[in-house]
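Notes for the one structure printed next.
The values are calculated or read from the model by the stated rules, or taken from the named source; none is laboratory data. Here the structure is a predicted model, which is why all the values come from computation and not from measurement. Cβ placement follows ideal geometry from the backbone for every residue including glycine, while neighbour counts extend to all protein chains displayed. Side chains are part of the model used for accessible areas, which takes the heavy atoms of the whole protein and leaves out ligands, DNA and RNA. Shrake-Rupley method; radii C 1.70, N 1.55, O 1.52, S 1.80 Å.
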Amino acid sequence: MPPNRIIVHVDLDYFFAQIEELENPQYRGKPVVVGVYSGRTDESGAVSTANYIARRFGVRSGMPISWAKRALRNEEAVFLPVNRERYNIISDQIMDILRSCGDKFEQVSVDEAYLDVSEKLLGHFERAEELGRGIKASIGEKVGLTCSVGIAPNKLVAKIAANSVKPDGLTIVLPDAVVDFLRPLPVGRLYGIGKKTEEILTARGLRTIGDLADQPVDQLSQIFGKTLGNYFHQSANGIDDSEVKERGLPKSLSRIITLKSDTRKMDELWPTLEILCNDLTQKIHTYGIAFRIVGIIAITSNMSVQSRSLSLNEAVTDKSVLLDSVERLLKDYLSESRQDLRRIGVRISAFSPVAVQRSLSSFLG
Ligand code: DCP
Ligand code: CA
Ligand code: CA
């Protein structure tokens, strides 16, 4: 067992809005707000996220879109509806990169994951910076997005570290520095301390994590009960033994590519799709998995996003089945749409582990 546990937390910066900027460079430099429109008016609905320029005007996740519009009324702001399918494809691609960067990998949300790299770095924290830079560079080069990375001796501190410098941050908290790193931060930064609990704590003069760490654990237990009291005491002191939980098979794998020029001609689209299918087939062989659902995603010249998918009768690994399915889906789609395509993607899911290869089992049998 290496002397130190080394845990990495990665969180993408203004995820949905950054993807929109990546695909529409004309939005760069403007406030960008992505939201779920409830439909009644073009002002009703909630903000999902906003880029950092919009945040300077007070725009935040969860606020009504009408508020954001008011805050940005004098700006040349861009308001966009969420496009989960597109974000999921990019998320898959990022998670696929991250999965290969550590000994253990745990995705915790669409744009967040933990890695355990203790073995990989042999417990040497001095190698953490290079590793962190490498992860950021991979996501930057392969996907084009920035993320913030925290590296620390446990999940609790790694996540707080990642969120402490954003966007495009890299924060390393050495084992000896954990307590001093946490002390000045507001108590609300600890996982499990929401607005209500924060109010109870600040009402008692406990504003910072340091204030909380200095409280005798018995007093915290009196207020919050033994379990929670203990948990707050441990967290405030930077103690967290929870493991990075490997979740087994990925949920889905996908690839998306921008075409050299916009087109809706099958013979021009096909070489690109073959590349995507090759790539995905290689991936599933590496993971030893079979897929049952195949989908395509088409982004048109005017940036509308369309997707189609089909379920196979059984899970397979064959490239020919993947190509056939993609061809069927694309023909179907093209027969219904007149738009040229700008980007095209393929997504496979519903994975199951592959049984022992027939050649091998017959050899053994
Ligand atoms: N999201 C959402 N509704 C919320 C919060 C988040 O739909 N109330 C979505 C949009 C975000 C994504 O989840 O882009 C990731 O959430 P984060 O909390 O990580 O926020 P961002 O990535 O947008 O910004 P940050 O740079 O602060 O991480
Ligand atoms: Ca994020
Ligand atoms: Ca996140």
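Screening Ser311 on (1) modelled with pLDDT under 95; (2) of a type in the set (Gly, Ala, Ser); (3) in a strand (DSSP E or B) shows it passes everything except condition (1).
For the range 140-159, the criterion of being within 14 Å of ligand 1 (Cβ to nearest atom), among the basic types (Lys, Arg) and more than 21 Å from Ile89 (Cα to Cα) is met by at least one residue. For Val10, the requirement of being crowded, with 22+ Cβ neighbours inside 10 Å and away from ligand 3 (no atom under 16 Å from the Cβ) is not met. So which of Val32, Val36, Val82, Val59 ends up being away from ligand 2 (no atom under 16 Å from the Cβ) and either modelled with pLDDT under 95 or more than 22 Å from Ala158 (Cα to Cα) (or both)? Answer to the selection: Val36. Can you name the number of the only condition in (1) touching a residue at least 40 places away in the same chain (Cβ under 8 Å); (2) within 25 Å of Val149 (Cβ to Cβ); (3) among the basic types (Lys, Arg) that Lys30 fails? With (1) touching a residue at least 40 places away in the same chain (Cβ under 8 Å); (2) within 25 Å of Val149 (Cβ to Cβ); (3) among the basic types (Lys, Arg) applied to Lys30, the lone miss is (2).
Could you please let me know if Val110 is touching a helix residue (DSSP H, G or I) at 6+ places or on another chain (Cβ under 7 Å) and surrounded by fewer than 18 Cβ atoms within 10 Å (Cβ to Cβ)? Break it down into steps so the answer makes sense when it comes.
Working: touching a helix residue (DSSP H, G or I) at 6+ places or on another chain (Cβ under 7 Å): yes; surrounded by fewer than 18 Cβ atoms within 10 Å (Cβ to Cβ): yes.
Criteria met by Val110.
Residues of the range 153-175 that are in contact with a helix residue (DSSP H, G or I) (Cβ under 9 Å, 6 or more places away or on another chain), without any contact (Cβ under 8 Å) to a residue 60 or more places away in the chain and within 15 Å of ligand 3 (Cβ to nearest atom): Ile160, Ser164, Gly169. So, in the range 1-31, exactly how many residues are among the small types (Gly, Ala, Ser) and not in a helix (DSSP H, G or I)? Qualifying residue count, the range 1-31: 1. Residues that are within 26 Å of the chain's Cα centre (by Cα) and of a type in the set (A, V, I, L, M) do not occur anywhere in the range 331-340. Scanning the range 299-324 for residues that are closer than 26 Å to Pro81 by Cβ and out of contact with any Phe, Trp or Tyr (no Cβ under 6 Å at 6 or more places or on another chain) turns up Ile299, Thr300, Ser301, Asn302, Met303, Ser304, Val305, Gln306, Ser307, Ser309, Leu310.
On the given criteria, is Ile53 in a helix (DSSP H, G or I) and assigned by TED's automatic domain parsing to the domain that holds Ser138? Judged against the criteria, Ile53 is not a match. Screening the range 151-222 for helices (runs of 4 or more DSSP H) wholly inside it with 3 or more residues that are open to solvent by 30 Å² or more (accessible area, probe 1.4 Å) returns the ranges 155-164, 178-182, 195-203.
Among the residues of the range 62-114, count how many are of a type in the set (A, V, I, L, M), part of a helix (DSSP H, G or I) and without any contact (Cβ under 8 Å) to a residue 40 or more places away in the chain. Reasoning before the result, please.
Applying the first criterion (of a type in the set (A, V, I, L, M)) to the range 62-114 yields 63, 65, 68, 71-72, 77-78, 80, 82, 89-90, 94-95, 97-98, 108, 110, 113.
Filter once more, so that each one left must be part of a helix (DSSP H, G or I): 65, 68, 71, 89-90, 94-95, 97-98.
Keeping just the survivors that are without any contact (Cβ under 8 Å) to a residue 40 or more places away in the chain gives 65, 68, 71.
Residues in the range 62-114 being of a type in the set (A, V, I, L, M), part of a helix (DSSP H, G or I) and without any contact (Cβ under 8 Å) to a residue 40 or more places away in the chain: 3 in total.
Return yes or no: is Val36 within 11 Å of ligand 1 (Cβ to nearest atom), in a strand (DSSP E or B), more than 30 Å from Glu119 (Cα to Cα) and open to solvent by 40 Å² or more (accessible area, probe 1.4 Å)? Yes: the conditions hold for Val36. Any idea which residue in the range 259-300 is nearest to Ser349 (Cα to Cα), counting only those that are among the hydroxyl-bearing types (Ser, Thr, Tyr) and assigned to a strand (DSSP E or B)? Across the range 259-300, the extreme among qualifying residues is Thr300.
Of all residues in the range 120-141, those being modelled with pLDDT under 95 and of a type in the set (Asp, Glu) number 0.
Select from the range 223-258 the residues that are among the aliphatic types (A, V, I, L, M) and either in a loop (DSSP other than H, G, I, E, B) or touching a Pro at 6+ places or on another chain (Cβ under 8 Å) (or both) and write down the one among them that is modelled with the lowest pLDDT. Restricting to residues being among the aliphatic types (A, V, I, L, M) and either in a loop (DSSP other than H, G, I, E, B) or touching a Pro at 6+ places or on another chain (Cβ under 8 Å) (or both), the top hit is Leu249. Checking each residue in the range 177-197 for being at pLDDT below 95 and over 27 Å from the mean Cα position of the chain (by Cα) picks out Lys196, Thr197. Selection of the range 118-150 for residues being part of a loop (DSSP other than H, G, I, E, B), open to solvent by 30 Å² or more (accessible area, probe 1.4 Å) and of a type in the set (A, V, I, L, M) yields only Leu122.
Limited to the range 325-339, what total is found for residues that are surrounded by 15 or more Cβ atoms within 10 Å (Cβ to Cβ) and closer than 27 Å to Leu80 by Cβ? If you could, list the steps in order and put the result at the bottom.
Just the residues of the range 325-339 that are surrounded by 15 or more Cβ atoms within 10 Å (Cβ to Cβ), to begin with: 325-327, 329-330, 333-334, 339.
Narrowing the set further to residues that are closer than 27 Å to Leu80 by Cβ leaves 329-330, 333-334, 339.
Residues meeting the conditions: 5.
Look through Ala50, Ala68, Ala46 and report the one residue that is open to solvent by 30 Å² or more (accessible area, probe 1.4 Å) and in contact with a helix residue (DSSP H, G or I) (Cβ under 8 Å, 6 or more places away or on another chain). Talk me through it step by step, then tell me what you get.
Details: Ala50 fails: open to solvent by 30 Å² or more (accessible area, probe 1.4 Å); Ala68 fails: open to solvent by 30 Å² or more (accessible area, probe 1.4 Å).
Exactly one residue qualifies, and that residue is Ala46.
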